[in-house]
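Worksheet for the structure shown next.
Derivation of every value follows stated rules applied to the coordinates shown; laboratory data play no part. Treat the numbers as computed from the prediction; the structure is a model and nothing was measured. FYI the Cβ positions are ideal-geometry reconstructions off the backbone, even for glycines, and counts take in every protein chain you see.
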Amino acid sequence: MSESEARPTNFIRQIIDADLASGKHTSVHTRFPPEPNGYLHIGHAKSICLNFGIAQDYQGQCNLRFDDTNPEKEDIEYVESIKNDVNWLGFEWSGEICYSSNYFDNLYGFAIELITKGLAYVDELSPEQMREYRGTLTEPGKHSPYRDRSVEENLALFDKMKNGEVEEGKMCLRAKIDMASPFMVMRDPVIYRVRFATHHQTGDKWCIYPMYDFTHCISDALEGITHSICTLEFMDNRRLYDWVLENITIDCQPHQYEFSRLNLEYTVMSKRKLNQLVTENLVSGWNDPRMPTISGLRRRGFTSASIREFCKRIGVTKQDNTIEMSSLESCIRDDLNENAPRAMAVLDPVKVVIENFDGEAEILNVANHPNKPEMGTREVPFTRELFIEREDFREEANKKYKRLVLGKEVRLRGAYVIKAERIEKDEEGNITTIFCSYDNETLGQNPADGRKVKGVIHWVSAQVGIPAEIRLYDRLFTVPNPGAADDFVSVINPESLTTMQGVVEPSLVEAEAEKAFQFERMGYFCADSKDSTTDSLVFNRTVGLRDTWAKIGD
């Protein structure tokens, strides 16, 4: 972290300050516990910045722990992607990576302890019956007919479950709490179920797997976590978190604190829905630059600093809200405006021929950043034939139009003043070539006779410019809250990706993947980390120079 990223404050940090001042804790130990069943998204980035940031600022520790209790949906690919995302965001976990599966033996032992204390039982209700017995928010649940089995019978049946002698769905282990509780999570929740699935860490050692609510609190306690921070949907689950720890023999008693999750306009944060986008090939993968995943944002050109700044700006509260996409885009614009070198690329080219320019290419030195001379210059070849943006020329225009007009002058960025003399068109009336003259006395200075040239446009040599595929990304959905739609797939933005065949200046041929450039007047772009090669350049637009979406929506 840089010195400029000042320490924020929020209600969780105030709690930690009070705990340290009172002596309740002498150090801080947090954890980030993702389930490896998909790639992390921007909402997880908020949790990463909170948990790792707290540990960093208080000289404490933060564990990276994989909540790997559901082997059917988990994969080592997701484990590796999560590790990469945490590192890329600028954080390091304490010690070795933790897995909930590391504690399967402990968890099994604590389940036996609950059975022995008469606080857990093996149930044979079907999932449908269990839902029926559970009751509603206004009506209490009913006791399972298997609830009062003896300790001995429960131990024997649980042993059969563990030994693979019970079919999936036929038996489960439930905590015996209170079927009349106003909190549904306390109505005898399932804590173990049978799953014949190979686990990515433990292989086929187990065929029973603990549920998240049983596993999470015990994992926290075994790791000595002082402040267990999660999102608001787990607020009611805190009662079960505390109940488990109060009823087993364990020394550490961590406390759970909840904060509001991140909701971002024009996207979805549900892993299930993100997975659907991937599996139905509605996007090109988890790291598609339109996805809100950390790897997708990174491939699109977002920097780790911009995402950390975004998480800092939105803050940590208990109030659910939805953040405007423009807030995220503002963070990356602020970062790249300051730090991205400039370059020139023409996305929709039309040819310019400078008829009074003779000889070989002229090499111009152009500044890499208008306000940062320390970023140096680059060599840009100026040749007789150039490309400019098609939208940067008009045959006729009013005085407000500051680009190239037939019979008038404009300055080429970092080069000369040119004048449009005549044009050629194809049979369909499309302009194919603009014939110009140039004033060879105007490199780096105004015309000698006092002519005023207001417009400046970018350009690329047509003779040595490099062809490139340009991918223009926009919001993935057409509505601010796609998750509320009856079918979120139906509101996918058909124009979320537009591909153009452009030309870029030669200096970009070896552009590093994900390194940002401001393409003059066109936005911020980076070479695609998956598809771009020196023989076939592909550039992704990270964001435009300004927020045009708001104007379109008005």
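Quick one: Kirkwood hydrodynamic radius for the chain, alpha-carbon pairs, angstrom, one decimal? Provide the component values of the computation, followed by the final result.
Details: mean 1/r = 0.0364 Å⁻¹.
About 27.5 Å, per the Kirkwood formula over Cα pairs.
If I take every Cα pair under 8 Å that is 6 or more residues apart in the chain, average their sequence separation and divide by the length, what percent do I get for the relative contact order? Before the final figure, lay out the partial values.
On the way: 1031 pairs, mean separation 63.3, N = 554.
Relative contact order here is 11 percent.
I need the Debye-formula profile for the range 466-514: one equal scatterer per C-alpha, no solvent, reported as log10 I(q)/I(0) at q = 0.33 1/Å, two decimals.
Each listed q corresponds, in turn, to -1.15.
Between the range 101-174 and the range 269-314, what is the separation of their alpha carbon centroids in Å?
Value for the Cα centre distance between the two parts: 39 Å.
Taking Rh as the Kirkwood radius, which is the inverse of the mean 1/r over Cα pairs, what is the Rg/Rh value for the range 345-458? Write down the numbers at each step before the final one.
Values: Rg = 14.5 Å, Rh = 15.0 Å.
Rounded to two decimals, Rg over Rh is 0.97.
Using helices alone, what [θ] at 222 nm do you get for the chain, with -39,500 (n - 2.57) per DSSP H run of 4 or more residues, divided over all residues and rounded to the nearest 500?
On the way: 13 runs with 143 residues, N = 554.
Theoretical 222 nm ellipticity from helices: -8000 deg cm²/dmol.
Going out from 0 in 5 Å bins, what whole percent of all Cα-Cα distances in the range 108-210 drops into each bin?
2, 13, 23, 23, 18, 12, 6, 2, 0
How do K162, K83 rank when sorted from fewest to most other Cβ atoms within 10 Å of their own Cβ?
Least to most surrounded, the residues fall as K83, K162.
Taking the Cα centre of the range 108-210 as origin, sum charge times position over the Cβ atoms of Lys and Arg (+1) and Asp and Glu (-1), and report the length of that vector in debye to the nearest 20.
Roughly 220 debye, rounded to the nearest 20.
Efficiency by 1/(1 + (r/R0)^6): what FRET value for S536 and E168, r their Cβ-Cβ distance, R0 = 35 Å, to the nearest 0.05? Please list the in-between numbers first.
On the way: r = 49 Å, r/R0 = 1.39.
Step by step, r from the Cβ atoms, then E = 0.10.
Go through S284, G523, Q201 and say which Cα lies farthest out towards the positive end of the charge dipole of the chain; charges sit on Cβ, +1 for Lys and Arg, -1 for Asp and Glu.
Result: G523, furthest along the dipole toward the positive end.
How many percent of the alpha carbon pairs in the range 7-98 exceed a separation of 17 Å? Can you show the working numbers first?
Values: 2147 of 4186 pairs.
So the portion of pairs separated by more than 17 Å is 51 percent.
Past 23 Å, Cα to Cα: identify those pairs from K142/K162; K273/K515; K142/K170; K73/K170; K83/K271, in the order given. Each step should come with its number before you reach the end.
Details: K142/K162 27 Å; K273/K515 30 Å; K142/K170 19 Å; K73/K170 21 Å; K83/K271 17 Å.
Table pairs above 23 Å Cα-Cα are K142/K162; K273/K515.
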